[in-house]
Amino acid sequence: MALFKSFFKKNHDYVPSVPELTGDLNQPLIQMNKIVKTFKNAAGEFTVLKGVNTSFSRGEFVGVIGKSGSGKSTLINMITGIDRPTSGEVFIGGVPIHTLNENQMSVWRGRNLGIVFQFFQLLPTLSLVENIMLPMDFCHMYEPGERYDRAMSLLRLVEMDQHAEKLPTAISGGQQQRVAIARSLANDPPILVADEPTGNLDSKTADAIFGMFEDLVSKGKTIVMVTHDSSLAKRVTRTVLIADGEIVNEWVAKALPTLTHQQMLAASKQVEPRRFEAGEVLIQQGQASENVYIVTQGEVEISAQPAKGGEEVLSRIGAGQMVGEMEALKNRLATATVRANGKAVEVLAMPREKFLRLIGESEGTRQAMEHLVRQRESERLRPVLAY
Ligand SMILES: Nc1ncnc2c1ncn2[C@@H]1O[C@H](COP(=O)(O)OP(=O)(O)O)[C@@H](O)[C@H]1O
Ligand SMILES: [Mg+2]
């Protein structure tokens, strides 16, 4: 420890001034604009992130998912500043972190971000409590006399205080990860970034670690977590799906879950956002609809005018579901009218022929759609009158 102390004293007495996070609550906490990341090696250039635009709000618990090699780690390394974009901008709490120099970056990161890796990365020669004091020493946070007590209280938080004086090698992987989480909280950062933090743990331990993240989110932290574990991905508040270095539209992923990630990405590029005011008609009974629609906000009402007259409400459909796909699949005129129910509705419109081409490429999706069509047709036999 003495060695480390003198190292930090010598090299880090000068702490560069770093901009503070601004408190504008109306802005996303993390904003990424047109991020391109290209790696160069002997084989040439390889573009890993292809113009990513995304943002994360305060208090969100976001899961970043996608196949191995899709660009998840590269994306979150743009947030931590471990890596820099080739072009594009990253604002965190209003601070343009892509413009900070290396010294500013490391201090800014130490104060504002907690980072948790798959392989815990505790320093093997330091005790657990010393590992947790290190980020406070490095960033000159808290009075030197307070740091030990603070580190102990963080160890208590993750129920590791009774092991405080042990070396990392003396405890299990799950315990090391708990200590790594305590370390990430050393400077009380508003944001935690974790890259497959449960990837090296058994499912029971993974569940416990995930529970700790949930707890931190409930206390106001914002967490961005890459995960391979689909059962954990279901429990975050939002997922961001990356395919081939681009972000898949989350509504497309939700409405068409049986597509491959590649197909979802292709579909994301074929949809256009549209808005319909309250009562406005999206699809008119008896006419051919040019588009299928994925509802993203609000609710649509599906109603039919039977031959005997009047109007029957057949169904109401909300965010994440499609309308118009039955007519497209069966290549027929609309057998019901779809309109914005009560309030304005936001949708993604996809041209009918593009939708059909997509379905033609995906047997799983065709089957899922046909199942849905049968379900909707049976609903049709019992109109929803009693809402
Ligand atoms: N430093 C690097 N140099 C060259 N290629 C890299 C580098 N880092 C990542 N890559 C490549 O970028 C792609 C995405 O990597 P990564 O972001 O680690 O994916 P993921 O985390 O989704 O598995 C991979 O093909 C990987 O080989
Ligand atoms: Mg990775």
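Where a number appears in this text, it was derived from the coordinates with a stated rule and is not lab data. Just so it is clear, the model here is predicted, and its values are computed rather than measured. Note that each Cβ is placed from the backbone with ideal geometry, even for glycine, and that neighbours are counted across all protein chains shown.
Couple of notes before you dig in:
- With a cut-off of 19 Å on the backbone N, the residues of segment 248-264 near the modelled label site 7 Å out from GLU370 along Cα-Cβ are 256-260.
- Charged-residue dipole, Cβ positions (Lys, Arg, Asp, Glu), segment 252-381 about Cα centre, Debye nearest 20: 120
- Structure-based [θ]222 nm, the chain - -39500 (n - 2.57) summed over DSSP H runs of at least 4, per residue, nearest 500: -10500 deg cm²/dmol
- Pairwise centroid distance, computed over Cα atoms, of segment 330-364 with segment 67-106, Å: 38
- Centroid-to-centroid separation of segment 201-270 and segment 115-166 [C-alpha atoms, Å]: 29
- Distance between modelled label sites at ARG84 and GLN285, nm, 7 Å Cα→Cβ extension: 6.3
- Max-minus-min Cα coordinates of the chain on each principal axis give 89, 46, 39 Å, with the largest extent listed first.
- Antiparallel bridges, percent of DSSP beta bridges restricted to the chain (to nearest 5): 70
- Entry note, segment 252-381: relative contact order of 35 percent, from Cα contacts under 8 Å with a spacing of 6+ residues.
- With θ taken as phi - 60° and the Karplus curve 6.51 cos²θ - 1.76 cosθ + 1.60 applied, the whole-hertz 3J(HN,Hα) list for segment 201-213 is 10, 5, 5, 5, 5, 4, 4, 5, 5, 4, x, 5, 5 Hz, x standing for glycine and proline.
- For the peptides 287-294, 234-241, 308-315, the ranking by packing is 287-294, 234-241, 308-315, with the highest mean count of neighbouring Cβ atoms within 10 Å listed first.
- Listed peptides 219-232, 362-375 appear in the order 219-232, 362-375 once ranked by packing, highest mean of other Cβ atoms within 10 Å at the front.
- Close amide H contacts of ALA243 (hydrogens built in the peptide plane, cut-off under 5 Å, sequence separation of 5 or more or a different chain): VAL248.
- Scanning residues 5 or more positions from ASN291 or on other chains, those with amide H under 5 Å from its amide H are ARG352, with H placed 1.01 Å from N in the peptide plane.
- Residue-span extension gain [ASP202 to THR237] - 0.36 nm each, minus C-alpha spacing: 10.3 nm
- Electrostatic dipole magnitude of segment 2-247 [Cβ: Lys, Arg +1; Asp, Glu -1; Cα centre; debye, to 20]: 280
- The angle between the Cα long axis of helix 128-139 and the longest principal axis of the Cα atoms of the chain comes to about 90 degrees, rounded to the nearest 10.
- Dipole of segment 252-381 [Lys/Arg +1, Asp/Glu -1 at C-beta], most positive-end residue of VAL347, VAL295, MET326: MET326
- Each label was represented as a point 7 Å from its Cα along the Cα-to-Cβ direction; for ASP149 and ASN26 these points are 4.2 nm apart.
- Oblate is the label for segment 213-279, because a/c, from the alpha-carbon gyration tensor with a ≥ b ≥ c as root eigenvalues, is 1.5 or above and a/b does not exceed b/c.
- When each of the peptides 29-40, 104-115 is scored by the mean number of other C-beta atoms lying within 10 Å of its residues, the order from highest to lowest reads 104-115, 29-40.
- What the phi angles of segment 339-349 give under the Karplus curve with 6.51, -1.76 and 1.60, with θ = phi - 60°, is a coupling list of 9, 5, 8, x, 10, 4, 10, 10, 9, 10, 9 Hz, glycine and proline written as x.
- Cα shape, segment 275-342, gyration tensor, a/c 1.5 rule: oblate
- Multiplying each eigenvalue of the alpha-carbon gyration tensor of segment 252-381 by 5 and taking the square root yields semi-axes of 23, 17, 12 Å, largest first, rounded to whole angstroms.
- Among the listed pairs LYS166/LYS221; LYS40/LYS67; LYS34/LYS221; LYS166/LYS234, those beyond 31 Å (Cα-Cα): LYS166/LYS234
- For LYS219, the aspartates and glutamates whose Cα comes closer than 15 Å to its Cα, not counting residues fewer than 8 places off in the same chain, are GLU60, ASP188.
- Anchor LYS343: lysines whose Cα lies under 25 Å away (excluding residues fewer than 8 positions away in-chain): LYS254
- Fewest-first ordering of VAL345, VAL116 by other beta carbons within 10 Å of each residue's beta carbon gives VAL116, VAL345.
- Prolate/oblate/rounded call for segment 78-137, Cα gyration tensor, a/c under 1.5 rounded: prolate
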